[in-house]
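The values are calculated or read from the model by the stated rules, or taken from the named source; none is laboratory data. This structure is a prediction, so every number in the text was calculated from the model and none was measured. Positions of Cβ are generated from backbone atoms using ideal geometry, with glycine treated the same way; all protein chains shown enter the neighbour counts.
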Amino acid sequence: MRKVFWILLLIGILASFTTTAKTVLVIQTHWSDFQVNGILDKNGNLVYPGLKQYIDEYTKLNPDVEIQIREVPFDNYLQQLLVSHMAGKAADIYDLYSLWAVQLVNSKILDIPPSDILNGVKNDFVSASVKGATIDGKIWGIPSEIDNYALIYNKKLLTEAGYSEPPKTWAELIKMAPKLTKYDEKGAITQYGFAFLSGWDSAVVHPYLSLLYSLGGAMFSADYTECLVNNPLGVEALNEELALFKEKATNSAGSVFDFPHNTVAMMIMAPWYVSSLKQAYGDKYDEYVGIEPIPPVKNPATVAYTWFFGVDNASKNKVAAWDFLKWFALQVQPNTNTTRAGDLEVNVISVIPPNKADLENHLAQLADLKVFIDQLKNSVQEPNVMQGAQIKTILMDQIVAAWNGQVTAQQALDNAVRKINPILSRYYH
Amino acid sequence: MKIPMKSSRRENLAAYVFLSPILLFFAIFFAFAVGFSVWISFREWDMLISPLDAVFVGPSNYVVLFSDPLFVSSLVNTVIYAFSTTIAVVILSLLIAVALNNLRYSAVWRFIYFAPVVTPAVAIGIIWSYLYNPSRGIVNEVLGWLGIPAHNWLTDPHYALMAIIIVAVWAGMGASILIFTAGLRAIPQSYYEAARIDGATKVKMFFSITLPLIKPTTLFLSVTGMIGAWQVFDLIYIMGTNAPASSVQVISLYIYKTAFVNLQMGSASAAAMILFAIVLVTTLFTLGIFRKGGIESYE
């Protein structure tokens, strides 16, 4: 009798294990709390769902799947990814900045998406974002965000200075900026005609690349064996920035984040900053904030960068991970003709969704980002090159040195190329 | 009396048992970490592959470092930072401690000077960044009253490191003042009374009594201050991001960026080894100087 009892107990335990065993997926994202948990009204009611609500919806449809969210701040994202991977605690799904992904692809950390996903990405997404998710000729995930740059200007400050319109060319901008700049009696700038932001590689390098692309230049040779920024076009692009310093319309102490204080007349910034400006200005947003394409030095151009969802090659649940991503970021919902990821990106994260259906069917919500969206056609994807972050930091250091008058544009870019080319030679032949 | 061999062995065993937790901790978090760092400094490793698969590159990580102008400028900045903060903190702290020792309500003054010590470096960095703001900061405002033109303290390559050093000295003085005060109180008052009877001035008493007798404290603060200054990270990370890297970057920040931005753990470890060697040599050098002055207690 006792023997039978123990056998039954053992069968019961085993049965309970088999019935409760779920496929557990971990998704790592840099999104902040409200982007994960959704936007609530004053009474705590959900206004726009965050990532968590979409995951709840998916797990209801797929009760055998459990999805955990790993929130990691942007600043620590890559480090966390590396350390967790090394410790065998890697996530199954990542939302990745394409520049970081190059290293991961090189180390075989990312999984190649299934063919139906590859076709979906090729057909349904804007080309700049597809290029962003493409490394060494292969697509490595589903684009989740595309950012480019535009000129953001303070309408009031321009009007006060007698300008009814923003500059149409970079030469015009250089002429206008000094007249929009104010100094106090001690000699400090109190209002920037044009503000840069030093100390953050993207904020320094991306505006420079936008001017370089406007001139028809390129950062690297097509095979990535050579950095080209010290050629005449690269030097001219930096000199176009330095003209603002020579005209005393800016200095390296400026910050684009001072714009809401009405101390910055013009700046080059990405679309994700627009939601912060809307929050800062509230009802007065339209009165103060204007957005126009970056005034071209020669041709209209801006740089773009991409984030995409990828799956870890070492994940035990790669199929389940891609299935979730397909449902979340590729499948169009019949009632809205938009993807769930697109809804989240537009309503909560306030970025440009890279899916064409989302761009077409979210027109009203994307009205503030219209200029950025229109400029997607002139956007050149930031090159997905090995050691991209290091190369960007090197270029930033040299550009900032030139801003501060430590070196000329030619010297700065020669220094940068001298450091960047040996890095390239380690990976490209 | 001769201790029986068996009992002595048992005592040794007991000692090792009691020591084992700390020895284990030391082995994992210090000996292994340092050993691994030395080993990886001769390899190329990006943390994305197993360290066992890291390619052996010999001493090239060390050689490449010295051909990197940013490493050299980081080294120079670290030397400037370490010597200027340590010397300034020790001298100013000693002078303030002597002054406070003779003041009424000295405990209140000590508390005021000690306050920055209990403030996180990140908070100090952020607050001082506001104070240094070129148009809205109080530093330029006060200098303006004196007729000194405004400067972009944290972005101008000529001033950025100096501006951070000033903050480091301000933040580092509190603890040193407290330790100097304790040292000053340990000097017998009878020495000063005897000197006073002999007609010595306050300056003479400072140089002939206070300074020689406070030497062990000065040595302690110099060595610990120097070691800490070589490894500075937080203040530079918070306050130095907007200046050209070559004008403010220090070695620890260089190591961090090389490891976690550039994913070059081999080069970062090589730089860490160089930093270790510098700290060791500087500490021995400082001890040597003080030994010549007759201090043996910290050897």
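If the condition is being of a type in the set (A, V, I, L, M) and part of a helix (DSSP H, G or I), then the stretch A:258-281 contributes A:Val274, A:Leu277, A:Ala280. Criterion applied to B:Phe180, B:Phe220 was being farther than 11 Å from B:Leu94 by Cα, under 23 Å from the mean Cα position of the chain (by Cα) and of a type outside the set (S, T, N, Q), and the one residue passing it is B:Phe220.
So, of the residues in the stretch A:93-120 that are under 18 Å from the mean Cα position of the chain (by Cα) and β-branched (Val, Ile, Thr), which turns out to be nearest to A:Ile55 (Cα to Cα)?
Of the residues in the stretch A:93-120, the ones under 18 Å from the mean Cα position of the chain (by Cα) are A:93-104.
Retained after the next criterion (residues that are β-branched (Val, Ile, Thr)): A:93, A:102.
Values: A:Ile93: 13, A:Val102: 28 Å.
Checked the stretch A:93-120; the qualifying residue nearest to A:Ile55 (Cα to Cα) is A:Ile93.
Cβ-Cβ contacts under 6 Å between residues 6 or more apart (or on different chains), taken from a first residue in the stretch A:393-409 that is facing chain B (nearest Cβ under 9 Å) to a second residue that is in a helix (DSSP H, G or I) and of a type in the set (D, E, K, R), are listed as A:Thr393/A:Asp201; A:Ile394/A:Lys419; A:Met396/A:Asp201.
Here A:Ala150 meets the list (1) small (Gly, Ala, Ser); (2) more than 14 Å from chain B (Cβ to nearest Cβ); (3) buried (at least 20 other Cβ atoms within 10 Å of the Cβ); (4) under 22 Å from A:Gln411 (Cβ atoms) almost entirely, failing just condition (4).
Against the numbered list (1) of a type in the set (S, T, N, Q); (2) over 30 Å from A:Gln80 (Cα atoms); (3) surrounded by fewer than 21 Cβ atoms within 10 Å (Cβ to Cβ), A:Gln191 comes up short only at (3). Which residue is farthest from the chain's Cα centre (by Cα), if the candidates are limited to the stretch A:351-366 and must be closer than 16 Å to A:Tyr273 by Cβ and surrounded by fewer than 24 Cβ atoms within 10 Å (Cβ to Cβ)? That would be A:Leu366. When the test is whether a residue is touching a His at 6+ places or on another chain (Cβ under 7 Å), buried (at least 19 other Cβ atoms within 10 Å of the Cβ) and within 14 Å of another protein chain (Cβ to nearest Cβ), A:Val72 passes it.
Being buried (at least 17 other Cβ atoms within 10 Å of the Cβ) and in contact with a strand residue (DSSP E or B) (Cβ under 6 Å, 6 or more places away or on another chain) holds for only one residue in A:Asp92, A:Asp41, and it is A:Asp92. Out of everything in the stretch A:95-140 that is more than 14 Å from every other protein chain (Cβ to nearest Cβ) and at positive phi, what residue ends up being surrounded by the fewest Cβ atoms within 10 Å (Cβ to Cβ)? Filtering the stretch A:95-140 for residues that are more than 14 Å from every other protein chain (Cβ to nearest Cβ) and at positive phi, the one surrounded by the fewest Cβ atoms within 10 Å (Cβ to Cβ) comes out as A:Gly137.
Screening A:Asn251 on (1) part of a helix (DSSP H, G or I); (2) touching a strand residue (DSSP E or B) at 6+ places or on another chain (Cβ under 9 Å) shows it passes everything except condition (1). Reported count of residues in the stretch A:148-171, each being in a helix (DSSP H, G or I) and of a type in the set (A, V, I, L, M), is 3.
Can you confirm whether B:Phe233 is within 28 Å of A:Leu81 (Cβ to Cβ), surrounded by fewer than 20 Cβ atoms within 10 Å (Cβ to Cβ) and away from chain A (no Cβ under 14 Å)? So B:Phe233 fits the description; yes.
For every residue, the table says whether it meets (1) loosely packed, with under 15 Cβ neighbours inside 10 Å; (2) within 13 Å of chain A (Cβ to nearest Cβ).
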| position | (1), (2) |
| --- | --- |
| B:Pro134 | no, yes |
| B:Ile138 | yes, yes |
| B:Gly147 | yes, yes |
| B:Ile166 | no, no |
| B:Trp170 | no, no |
| B:Lys202 | yes, no |
| B:Met205 | no, no |
| B:Leu213 | no, no |
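Quick check on the stretch B:88-110: of everything there that is of a type in the set (Ser, Thr, Tyr) and part of a helix (DSSP H, G or I), which residue is nearest to B:Trp170 (Cα to Cα)? First the steps, then the outcome.
First, the residues of the stretch B:88-110 that are of a type in the set (Ser, Thr, Tyr): B:93, B:105-106.
Adding the requirement that they be part of a helix (DSSP H, G or I) leaves B:93, B:106.
Numbers: B:Ser93: 10, B:Ser106: 19 Å.
Among those that are of a type in the set (Ser, Thr, Tyr) and part of a helix (DSSP H, G or I), it is B:Ser93.
Residues in the stretch B:1-42 that are more than 30 Å from A:Trp100 (Cβ to Cβ) and in a loop (DSSP other than H, G, I, E, B) were compared, and the one that is modelled with the highest pLDDT is B:Pro4. The set of residues from the stretch B:260-286 being within 14 Å of chain A (Cβ to nearest Cβ) and either surrounded by 22 or more Cβ atoms within 10 Å (Cβ to Cβ) or touching an Asp or Glu at 6+ places or on another chain (Cβ under 7 Å) (or both) comprises B:Leu263, B:Gln264, B:Met265, B:Gly266, B:Ser267, B:Ala268. Taken over the stretch B:43-87, the residue count meeting the criterion of being part of a helix (DSSP H, G or I), surrounded by 16 or more Cβ atoms within 10 Å (Cβ to Cβ), within 12 Å of another protein chain (Cβ to nearest Cβ) and not aliphatic (A, V, I, L, M) is 3.
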